[in-house]
Amino acid sequence: MELLRSAELLSKLTKIPLGKELSHRLFEVANLFVYSLDNPTIKTTLRELAFQNSSFQHQRLKEEEAELKNQAKQLIIFVVVVSGLTFLSVGYFIVSLGKKINYYGEISQFVVSATPNAVIVGDNKGRVVLVNPAFANLVGNSFEIFPGLPLEIVGPTGKLLASYMEKKRK
């Protein structure tokens, strides 16, 4: 009876037409087999159907494996495309941000250069980053020589700025 239930269940579960047909035929022969155990024709037919069904299921598994591989390739392509687009988006954002920083840096440079007040800018390492022409005229030098020098050697203002920067670091 278990053989009949298994064959009937297989017949109901199989969706592919050829598999459905083979499962249905297997169920029919299993049904005959159960009620005619001594009939050699039924035994032979049952073996043939079992072999055909096994071959069919083997082929179906190969096809499903190929389909899964194809889906995996498509997923990998999708991930690569999405990753590539993300990389390009981030790259575009960084370039745009760099352009804005450069633009605002140029504006700041223009304002610092154009102001009549003496300006000195230092970094967190105690070095001169920028002086404007008004500061350079005040100390009697060209403003191009100052960047990179220690703040302390550019006069009392540099010493004051260096002292302030040192306190900020602590």
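The values are calculated or read from the model by the stated rules, or taken from the named source; none is laboratory data. A quick note: this is a predicted structure, and the numbers were derived from the prediction, not measured. Every residue, glycine as well, gets a Cβ built from its backbone with ideal geometry; the counts of neighbours run over all protein chains shown.
Listed values, structure above:
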item	result
One residue from 166, 144, 106, 152 being of a type outside the set (Ser, Thr, Tyr) and touching a Lys or Arg at 6+ places or on another chain (Cβ under 6 Å)	152
Residue count, region 138-170 (criterion: surrounded by fewer than 12 Cβ atoms within 10 Å (Cβ to Cβ), over 50 Å from the mean Cα position of the chain (by Cα) and of a type outside the set (A, V, I, L, M))	3
Residue check for residue 130: over 31 Å from the mean Cα position of the chain (by Cα) and in contact (Cβ under 8 Å) with a residue 12 or more places away in the chain	yes
Residue match in region 113-124 (condition: touching a Lys or Arg at 6+ places or on another chain (Cβ under 9 Å), surrounded by 10 or more Cβ atoms within 10 Å (Cβ to Cβ), in contact (Cβ under 8 Å) with a residue 12 or more places away in the chain and part of a helix (DSSP H, G or I))	no
Subset of region 133-170 [in a helix (DSSP H, G or I), farther than 19 Å from residue 110 by Cα and without any contact (Cβ under 8 Å) to a residue 12 or more places away in the chain]	153, 156, 159, 160, 163, 164, 167
Test: residue in region 63-79 that is farther than 30 Å from residue 15 by Cβ and either free of Cβ contacts under 8 Å to residues at least 60 places away in the same chain or assigned by TED's automatic domain parsing to the domain that holds residue 15 (or both)	yes
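Residues checked against (1) out of contact with any strand residue (DSSP E or B) (no Cβ under 9 Å at 6 or more places or on another chain); (2) at pLDDT 85 or above; (3) surrounded by 14 or more Cβ atoms within 10 Å (Cβ to Cβ):
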| position | (1), (2), (3) |
| --- | --- |
| 15 | yes, no, no |
| 25 | yes, no, yes |
| 31 | yes, no, yes |
| 36 | yes, no, no |
| 55 | yes, no, no |
| 59 | yes, yes, no |
| 64 | yes, yes, no |
| 72 | yes, yes, no |
